[in-house]
Each structure stands twice: as structure tokens, then as C-alpha cells.
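Working notes, structure below.
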Amino acid sequence: NAGVTQTPKFRILKIGQSMTLQCTQDMNHNYMYWYRQDPGMGLKLIYYSVGAGITDKGEVPNGYNVSRSTTEDFPLRLELAAPSQTSVYFCASSPGRGIGTYEQYFGPGTRLTVT
Amino acid sequence: DQQVKQNSPSLSVQEGRISILNCDYTNSMFDYFLWYKKYPAEGPTFLISISSIKDKNEDGRFTVFLNKSAKHLSLHIVPSQPGDSAVYFCAAKGSGGSNYKLTFGKGTLLTVNP
């Protein structure tokens, strides 16, 4: 199992550009999440999904959009990038049932800089 | 409004000694707590968890203690090893309708010196 994979690892965007951060999990997990981590801060939830076709806002959703057309994929879209979106982005998934229900498995992260 | 607080940004201990990382929370609706470990340039990895119906959970060198009345939990690492050097995040899960979301603390950087 590859677990949770994210692409790209690094990206520099100019203000106003758009991009999609890709996230894929091969553990057949129902729940998926997007977090951002700013320096010296904890992880803040951007969006989450409890299953294909179902998404909802987290703590800091402004400036982002998500979709979940399959169980495996949960891309995060940034429209009109702003310097405040400079951060490290982590995708995670969790089973949602059974053993380890609440344990979230994280991808390696995408480091995004907006200049 | 920080609901999960890790008040020590960093901790330094000698190899072989005990490391104690602390976490406080304010939301009495939290019913499950987790500790994650994060190395630089990697994603967090799950370490150990505890349900609010327990006061202790042990896994090898790692033990988590929960004091519900004080809204406090701690992670003990015995003995500490240089490979334990990492940032440790405390996380809490709410009960009821929001039971799939975790709230994270800011993390504590643990350095284990050889």
C-alpha cells in the first residue's frame, strides 16, 4: 500500500494563479481531509469528505474548493492564489469505521509559496 | 480560541531519560485523543490514542495519560531515544455530529540528545 500520496511536493505560484493539489489514498478509507500548516502552528482543517460526492467546509475554507468523485481521490483547488495561502498542505484519510476509526493517515505534504 | 493547547513549544531531554509532553484542552465534548509525531518534510504519523473512558493507554515505550477532570493529557516516552526527536502534536476528536474531525495543538518539538 502506498497510503496517502500527494502531488506536487513543491510549487511556487504567482498571485492570482490557480492550481490543483492532488491527493490519492489506496486504503479504501471513507473519510478524507485537507489541512494547512503555517509555521509554528497546528494543522487547520480546510475541507473534509465523508464519502464520494459528499464534502463540507472545515475551519479555514475560504479561497479553496474540493470535489470527491471517487473514494480514492480528493483534490484541493486554489483559485486566485494569495500570499496568505503560502503554507504546507496535508491530505489525510481515515477509515471511519472499525479498528482505528478515528486515526488519520497523512500524506507527505505539498509546500506552496505564493509570491 | 485554541481548544487544544500545547504550552511548551520545545523540550530537550537526554537519551535514556523520560520525555513528558503535555496537552490541555478546553472542550468537554472531546471524547478521543491522539498523539502524532512529525519529522521535517514528512506528514504526521499516528503514535498512540486514548478514549475518554480510559485514563491510561500504553504501547511499548509510549504511554498516554488522561485526566478528564483537569482536561489534561500527557505523553510519556521511556526511555527516550535520539530517533524520537520530532514535533509531537496532540489532537482531540469531538463527540456527536462532528466525530470525524480532529482539532490539533500547535505541537512540541522534542529533542533527544545522545
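The values are calculated or read from the model by the stated rules, or taken from the named source; none is laboratory data. Given the structure is predicted, the values throughout are model-derived calculations rather than measurements. Cβ: placed from backbone, ideal geometry, glycine included. Neighbour counts: every protein chain shown. All accessible areas refer to the heavy atoms of the entire protein, side chains included, with ligands and DNA or RNA removed. Shrake-Rupley method; radii C 1.70, N 1.55, O 1.52, S 1.80 Å.
Within region A:3-15, the set of residues being open to solvent by 50 Å² or more (accessible area, probe 1.4 Å) and either within 13 Å of chain B (Cβ to nearest Cβ) or on the phi > 0 side of the Ramachandran plot (or both) comprises A:THR5, A:LYS9, A:PHE10.
The set of residues in region A:85-113 being open to solvent by 20 Å² or more (accessible area, probe 1.4 Å) and free of Cβ contacts under 8 Å to residues at least 12 places away in the same chain consists of A:GLY98, A:ILE99, A:THR101, A:TYR102, A:GLU103. Among the residues of region A:64-84, none qualifies, meaning not one is within 11 Å of another protein chain (Cβ to nearest Cβ), closer than 20 Å to A:MET19 by Cβ and in contact (Cβ under 8 Å) with a residue 24 or more places away in the chain. The lone criterion from (1) in contact (Cβ under 8 Å) with a residue 40 or more places away in the chain; (2) of a type in the set (S, T, N, Q); (3) in contact with a Lys or Arg (Cβ under 8 Å, 6 or more places away or on another chain) left unmet by A:GLN6 is number (3). Of all residues being open to solvent by less than 50 Å² (accessible area, probe 1.4 Å) and of a type in the set (A, V, I, L, M) in region A:72-84, which is farthest from A:ILE12 (Cα to Cα)? Just the residue, please. Top of the filtered list is A:LEU76. If you take the residues in region B:61-101 that are polar (S, T, N, Q) and within 14 Å of chain A (Cβ to nearest Cβ), which one is farthest from B:SER49 (Cα to Cα)? That would be B:SER98. If you go through region B:23-35 and keep only what is within 11 Å of B:THR108 (Cβ to Cβ) and in contact (Cβ under 8 Å) with a residue 60 or more places away in the chain, you end up with just B:CYS23.
Condition check: exposed (fewer than 14 other Cβ atoms within 10 Å of the Cβ), among the hydroxyl-bearing types (Ser, Thr, Tyr) and free of Cβ contacts under 8 Å to residues at least 60 places away in the same chain. Does A:SER18 satisfy that? No.
Of the residues making up region A:89-114, just one is more than 18 Å from B:PRO44 (Cα to Cα) and either among the aromatic types (Phe, Trp, Tyr) or facing chain B (nearest Cβ under 8 Å) (or both), namely A:GLY96.
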